[in-house]
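To start, the structure itself, in structure tokens.
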Amino acid sequence: MNLDLKKIAVGVVVLTGLIVLADYFFKISLLQSTSIELQRWSAIVSAFMVGTALINMLKGHGGKIFKRSEGWQFSAVLVIMLFTMLIVGLLDWFKVQALPGSFIFGFLFDSILTPSGTAMTSLLAFFIVTAAYRSMRIRNIDSMVFLAVAVLLMMMNAPIFQVIWPSTLSIGEWIIEVPQATGMRGILIGVAIGTIATGVRILIGLEKFYLGRKE
């Protein structure tokens with residue numbers, strides 16, 4: 001008898017989703033304990049997924065280092081820092097007194113990781129400026145409205161314009177509270193409807209993206 005593993009996987013997903021969803025609406029002790037246990041299993045599976053992703057990353061970057069492919073130096077730095085943070089974190093977790101694990105971990109985090117993230121964010125600022133420039137080029141009525149609103153909001157956040165034109169603050173607040181809030185609520189409603197539709201499709205077994213690629 002051949003077992004269809006995909007059908008079994010879909011059945012497990014549907015059953016798990018229905019149990020957790022039912023626990024939200026019905027206060028039944030057996031249902032609640034089962035839901036809690038399933039959520040614990042989910043956390044364990046997520047941990048294994050992180051480990052699998054780590055192995056996959058080491059496999060890709062390790063092959064790049066051994067083959068001396070283009071940009072292998074960056075892969076080497078990534079692997080070295082990965083194992084350094086892992087070892088130091090484990091030393092701190094096991095409370096190894098011979099080495100100041102917490103101090104080294106904090107130093108690496110505060111002196112290397114945080115400044116690197118700040119530098120990446122600052123580099124993104126240049127791309128944001130160029131994207132804003134391209135977006136604000138007037139080609140039609142929509143871009144003209146977009147430019148006018150952007151200029152008004154920038155004026156609202158500049159104190160000098162509040163002195164020159166006091167109405168800037170009230171106009172900017174109206175734009176934020178009425179048109180922007182209305183558009184954002186519409187987007188959030190659309191996202192919520194899409195999320196509900198996807199959840200329903202998963203619960204009834206129509207959505208099977210979690211099974212991977214189609215053979």
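If you check 64, 59, which single one turns out to be closer than 30 Å to residue 112 by Cα, modelled with pLDDT under 90, loosely packed, with under 11 Cβ neighbours inside 10 Å and out of contact with any Gly (no Cβ under 6 Å at 6 or more places or on another chain)?
59
Just checking, how many residues over region 157-183 are in a helix (DSSP H, G or I) and over 24 Å from residue 133 (Cβ atoms)?
13
Would you say residue 198 is under 30 Å from residue 19 (Cβ atoms) and of a type in the set (Ser, Thr, Tyr)?
yes
Going by the conditions given, is residue 154 exposed (fewer than 11 other Cβ atoms within 10 Å of the Cβ), at negative phi, assigned to a helix (DSSP H, G or I) and not aromatic (Phe, Trp, Tyr)?
Here the answer is no, as residue 154 does not meet what is asked.
Is there a residue in region 94-106 that is at pLDDT 80 or above, within 25 Å of the chain's Cα centre (by Cα) and farther than 30 Å from residue 174 by Cα?
no
Which of the residues spanning region 67-82 are among the small types (Gly, Ala, Ser) and either assigned to a helix (DSSP H, G or I) or more than 27 Å from residue 114 (Cβ to Cβ) (or both)?
69, 75, 76 - these are the residues of region 67-82 that are among the small types (Gly, Ala, Ser) and either assigned to a helix (DSSP H, G or I) or more than 27 Å from residue 114 (Cβ to Cβ) (or both).
Provide a single number: the residues in region 77-95 that are among the β-branched types (Val, Ile, Thr) and either under 15 Å from residue 55 (Cα atoms) or in contact (Cβ under 8 Å) with a residue 24 or more places away in the chain (or both).
Counting residues in region 77-95 that are among the β-branched types (Val, Ile, Thr) and either under 15 Å from residue 55 (Cα atoms) or in contact (Cβ under 8 Å) with a residue 24 or more places away in the chain (or both) gives 3.
Whether any residue in region 162-180 is touching a Lys or Arg at 6+ places or on another chain (Cβ under 9 Å), hydrophobic (A, V, I, L, M, F, W, C) and surrounded by 11 or more Cβ atoms within 10 Å (Cβ to Cβ) is what I want to check.
Checked region 162-180: no residue is touching a Lys or Arg at 6+ places or on another chain (Cβ under 9 Å), hydrophobic (A, V, I, L, M, F, W, C) and surrounded by 11 or more Cβ atoms within 10 Å (Cβ to Cβ).
If we scan region 76-89, do we find a residue that is among the polar types (S, T, N, Q) and surrounded by 10 or more Cβ atoms within 10 Å (Cβ to Cβ)?
Checked against the condition, which is being among the polar types (S, T, N, Q) and surrounded by 10 or more Cβ atoms within 10 Å (Cβ to Cβ), region 76-89 yields at least one hit.
Of the conditions (1) in contact with a Leu (Cβ under 9 Å, 6 or more places away or on another chain); (2) touching a residue at least 24 places away in the same chain (Cβ under 8 Å), residue 156 fails just one. Which one is it?
All conditions are met except number (2).
Which one of these is in a helix (DSSP H, G or I) and over 30 Å from residue 86 (Cβ atoms): 194, 205?
194
The values are calculated or read from the model by the stated rules, or taken from the named source; none is laboratory data. All figures in this text were calculated on a predicted structure; none of them were measured in a lab. Quick reminder, even Gly has a Cβ in these numbers, built from the backbone with ideal geometry, and neighbours come from all protein chains shown.
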